[in-house]
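Before any comments, here is the structure.
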Amino acid sequence: MGNNDVVLTVVVATLVILLLAAGIVITLFIAGRQRLQQETKIAQVQADYEKELRTVTNEVQEQVLVNVGRELHDNIGQMLTVMHLQVEHGRLDKPELQNILKPIDDTLQSTIQQLRLLAKSLNNDVLEQEGLLKAMQTEVARLEPLGKFTMHWQHDDTEPKLNKDQKLMAFRICQEILNNAMKHSGAKNIYLFLKGTGGFRLEVRDDGSGFDAEQQLKTAGGSGLMNIMKRASLANLICHIDACEGKGSIFMLQEANT
């Protein structure tokens, strides 16, 4: 074999090796890309499933709230009204019992009013008909007489331009924040602000004990906060939480694209 044949053999062998190496690299690249695409599809399917699950869960919760609201209004409310009428008759029939029956009657009337406001806050049809601003005003009117804290309610007198689902989710999230503040914060003042002009913003601030928001979100105790974040995301809203121990908390809800 001559020198030229040896050189040619080496060149051909080198080319073959290079082609094989290139083939392996291309194969690995394609396989990696396909695996990445597959993982992306799986992640998307999982995300879609979780979103659908949260949607169904929220729909079920809303239906339960509507049913409870109707039960309170139609049945419990009616029973309390009958009691109120019976006490009124008692006051007319036996004036000597006036001092005893009047406080009972006042308490019954107050309870009936609270019950009506609660039933109204649970009914999403009312929110759709009257709007978020009116629903928030009704919620403030329901909470103020409880005397748990002083409500400072402000708004720009403009109904936010949100769709039905966003209004409902914003209202339920606000209810959850207020309920948590009432039960856990020990706040004396709660500041509630609703903005509709130039974009939606809902802010809930309190002067309570506060909490470590970052730490809470990492632990099982932060499931409520995480639920608020997920529910907001479901309606294309973002909830910002600014809180620390001993300094109260601030929740700010706004549209995701603002």
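State the number of residues belonging to the stretch 215-230 that are under 18 Å from the mean Cα position of the chain (by Cα) and either at pLDDT 85 or above or surrounded by fewer than 17 Cβ atoms within 10 Å (Cβ to Cβ) (or both).
Qualifying residue count for the region: 10.
Can you pull out every residue in the stretch 125-154 that is under 22 Å from Ile238 (Cβ atoms) and surrounded by 18 or more Cβ atoms within 10 Å (Cβ to Cβ)?
Looking only at the stretch 125-154, we keep the residues that are under 22 Å from Ile238 (Cβ atoms), and these are 127, 131-133, 135-136, 139, 154.
If the condition is that a residue be under 22 Å from Ile238 (Cβ atoms) and surrounded by 18 or more Cβ atoms within 10 Å (Cβ to Cβ), then Leu127, Leu132, Ala135, Met136, Glu139 are the ones that fit.
In the set Glu88, Glu71, Glu96, which member is surrounded by fewer than 10 Cβ atoms within 10 Å (Cβ to Cβ), modelled with pLDDT under 80 and assigned to a helix (DSSP H, G or I)? First the steps, then the outcome.
Values: Glu88 fails: surrounded by fewer than 10 Cβ atoms within 10 Å (Cβ to Cβ); Glu71 fails: surrounded by fewer than 10 Cβ atoms within 10 Å (Cβ to Cβ).
Going through Glu88, Glu71, Glu96 in turn, just one is surrounded by fewer than 10 Cβ atoms within 10 Å (Cβ to Cβ), modelled with pLDDT under 80 and assigned to a helix (DSSP H, G or I): Glu96.
Report whether or not Lys120 is modelled with pLDDT under 75, surrounded by 13 or more Cβ atoms within 10 Å (Cβ to Cβ) and either assigned to a helix (DSSP H, G or I) or assigned by TED's automatic domain parsing to the domain that holds Leu168 (or both).
yes
It is to be established whether one or more residues within the stretch 155-174 are small (Gly, Ala, Ser) and buried (at least 17 other Cβ atoms within 10 Å of the Cβ).
Yes - at least one qualifying residue is present in the stretch 155-174.
The values are calculated or read from the model by the stated rules, or taken from the named source; none is laboratory data. Because the structure is a prediction, the values reported are computed rather than measured. Because the Cβ atoms are built from the backbone with ideal geometry, glycine has one as well, and the counts that use them run over all protein chains shown.
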